[in-house]
1. For Cys238 and Thr181 in one chain, what is 0.36 nm times their gap in residues minus the Cα-Cα distance, to one decimal in nm?
2. If the elastic network links every pair of Cα atoms under 10 Å, which of Met103, Met144, Met133 fluctuates the most in the Gaussian network model of the chain?
3. With a point put 7 Å past each Cα toward its Cβ, work out how far Val17 is from His392 in nm, to one decimal.
4. Among Gly170, Met391, Gly141, which residue has its Cα furthest toward the positive end of the charge dipole of the chain, with +1 on Lys/Arg Cβ and -1 on Asp/Glu Cβ?
5. Express in nm, to one decimal, how much length is gained between Arg55 and Ala24 on full extension, taking 0.36 nm for each residue of separation and deducting their alpha carbon distance.
6. Please state, as a whole number in µm²/s, the translational diffusion coefficient that the Stokes-Einstein equation yields for region 290-356 at 20 °C and 1.002 mPa s, with Rh defined as the Kirkwood radius across alpha carbon pairs.
7. Among DSSP beta bridges whose residues both lie in the chain, state the antiparallel percentage, nearest 5.
8. Quick check for you: which residues of region 147-169 have the amide N under 18 Å from the point 7 Å beyond the Cα of Gln422 toward its beta carbon?
Amino acid sequence: MDKLDFEAAEIHIRNSVFQIAARALELRINADSSDFTGPRRPCSCGQTARYVDRREKTFTSVLGGLKLQRAYYHCEFCGKGFCPRDRTFGMDGNPVTPGVLRMVGSATSEVSFEISSGLLWDLAGLRIDAKQMERIAERLGQEMAEDERHETTPFENGELPPTLYLGIDGSGIPVRPEELTGRAGKQADGTAKTREGKLVIVWSAESRDKEGLPVRDPDSITYSAAIESAATLDTDECPSEFAGRVQREAARRRFTEAQRTVVVADGAKYNWNVAFELFPRAIQILDICHAKEHLNEVANAIYGKGSPEAEQWATLRKEELEDQRLEELLAALNAHADTCKEAKTCVGYVEGNLHRMRYREFRAMGLCITSNIVESGCKVIFTSRFKHSAMHWSVAGANKILAIRCSKRSGRLEDFFERRAQQKMAA
């Protein structure tokens, strides 16, 4: 007994139990032929498909391989065939069962397809290669992206917190060269290496730290993101793709129903265009850290990067900013506007955001004045999954994985799979 390889025994017994369970499940499902509903049944193309025979296919399940017998119908009009049982079980077009589909989605939303493949083998004893993981995940991500566009049922059913925050930000995602043609970017030659993934976050912050400053409430944050346009024309009757995403997330969180609503973002114009368009009554706050970064840039341009004079000048300007002495801040910037383009640009930046820089008032109201939660959200959603060495995404592929990742990180994965199962059963 002392020489027993305990790990090998564990795995052997588990695999044996799974095999017995898999055979029992096969027998139960294959004994039921109710998926045959007659010689003909409607096809999704609108015509009628005819019954051909019962066909066997092996699916990867959480128990291992399952050989299932299913009624097969073929439509001579569109030339396609289908198995009603596959649709009912949510396995049409997928070589895996719903339980494995959930595993694949959960793993691929967090780590690369190759690592995900290894994890499924190590943790569940399932052999699914990296390419197949990618195909399955993208198919699931497409379903989840469609679900996000149509499902706006409120996430919270109980009482809302007094204040809800909505943050908007973006981050570059490396994409394939062919998807960057004609796009301007930050490279030395003016070209781009990335496409911007845009993110909307909603959270509450009724908690306070030791200094009495607002802190994000546990489990209050949700995410929605995609590579999509935020641009609109005056003649457009519908909001931009991204504005529509923001609107849907706000609806799910009942954002506009809160007693007090706050939009926190950096200085990007599209952020405030969306805020004005969708939430005209919300308090708008420009991230104070973002504003301070601009002041550092001006100080370095005037006195030289890292010089004592630059540090002293920036410190004084930041104090004016925090104390809401904005006239003094503008006077100090205007003093250099004629000789320093960074100072002149910053004057326009401050003047355009005066109503969003009332930091002393915002603090007195107990509000968050930084977008650190939003920036952290960008790292959570974008950086840790999409920005690794040699990764180059297609826009469509990135959006599909983003759909899974945001759903998982927002605690909505269970709701999605419940809706999916109900829809498949009803089809």
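1. That pair, Cys238 and Thr181, stretches by 17.8 nm at full extension.
2. Result: Met103 has the largest fluctuation of those listed.
3. Those two pseudo-labels are separated by 4.7 nm.
4. Gly141
5. Going from the current span to full extension adds 9.3 nm.
6. 185 µm²/s
7. Around 75 percent antiparallel, to the nearest 5.
8. In region 147-169, the label zone of Gln422 (backbone N under 18 Å from the point 7 Å along Cα→Cβ) covers 147-158.
Every number here is computed from the coordinates shown, using simple stated rules; none is lab data. Quick caveat: nothing in here was measured; it's all calculated off a predicted structure. Cβ sites come from the backbone with ideal geometry, for glycine too, and all protein chains shown count toward neighbours.
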